[in-house]
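These notes concern the structure reproduced below.
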Amino acid sequence: MGKFVIKVSGNGFSYSLKAGNGETIAVSSKNQPDIETLKAIIADIINYAPDAPVEDQTVANFKPEAGAKFELYKDKAEEFRFRLKNAKGEILGVSEGYVKKDSCKNGIKSVRRNAVNSPVIEPEG
């Protein structure tokens, strides 16, 4: 089972979703001003991740998906990445860069598995 780890970051809060082995598989796309807003984003991830379709933007003529979705894309460094968006198009979480597309797809599968029933660890103090 994974876990969401909330930390104080600069002038707000961010999270990391960690797999059972401790590897980070997704992070906040930006800091949130308060912990309650971040917890609402985490709740959305838990809700959307298991069933969100994957919109593969690396293929020609990809089919845009409506609603919450994972977007699989290539960044400026030509690495594969994913981001999870809610139905409003807001980014809930992002991945690291992957050299291989299959590794990126495995990252999405890991988010699907690890987000569900994962505890939320808040900063101490």
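Since every read-out is calculated from the coordinates, none of them should be taken as a lab result. Keep in mind that this is a model prediction, so the values were computed, not measured. Reconstructed Cβ throughout: ideal geometry from the backbone, glycine too, with neighbour counts over all protein chains shown.
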(request) Find the residue count for region 68-125, including only residues that are under 17 Å from E55 (Cα atoms) and assigned to a helix (DSSP H, G or I). (result) 12
(request) Report whether or not N11 is out of contact with any helix residue (DSSP H, G or I) (no Cβ under 9 Å at 6 or more places or on another chain), surrounded by fewer than 13 Cβ atoms within 10 Å (Cβ to Cβ) and under 18 Å from K109 (Cα atoms). (result) no
(request) Output the number of the condition that G22 fails; it satisfies all remaining conditions of (1) loosely packed, with under 12 Cβ neighbours inside 10 Å; (2) in contact with a Cys (Cβ under 6 Å, 6 or more places away or on another chain). (result) (2)
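Out of the residues in region 12-60 meeting the condition of being hydrophobic (A, V, I, L, M, F, W, C) and touching a Gly at 6+ places or on another chain (Cβ under 7 Å), tell me which one is farthest from L72 (Cα to Cα). Please lay out each step first, then the result.
From region 12-60, those hydrophobic (A, V, I, L, M, F, W, C) are 13, 17, 19, 25-27, 35, 38, 40-43, 45-46, 49, 52, 54, 59-60; that's our starting set.
Applying the additional criterion that residues be touching a Gly at 6+ places or on another chain (Cβ under 7 Å) yields 17, 19, 25-27, 45.
Values: L17: 18, A19: 20, I25: 14, A26: 13, V27: 15, I45: 16 Å.
Across region 12-60, the extreme among qualifying residues is A19.
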(message) Going residue by residue through region 38-60, is there one that turns out to be of a type in the set (K, R), free of Cβ contacts under 8 Å to residues at least 40 places away in the same chain, surrounded by 12 or more Cβ atoms within 10 Å (Cβ to Cβ) and touching a strand residue (DSSP E or B) at 6+ places or on another chain (Cβ under 7 Å)?
(response) no
(message) Looking at A87, A115, A68, can you tell me which residue is out of contact with any Pro (no Cβ under 9 Å at 6 or more places or on another chain) and among the hydrophobic types (A, V, I, L, M, F, W, C)?
(response) A87
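To keep it simple, each residue is scored yes or no on (1) closer than 10 Å to N114 by Cβ; (2) aromatic (F, W, Y); (3) touching a Ser or Thr at 6+ places or on another chain (Cβ under 6 Å).
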| position | (1), (2), (3) |
| --- | --- |
| K3 | yes, no, yes |
| S9 | no, no, no |
| S14 | no, no, yes |
| K18 | yes, no, yes |
| V27 | no, no, yes |
| N31 | no, no, yes |
| D34 | no, no, no |
| A40 | no, no, no |
| A52 | no, no, no |
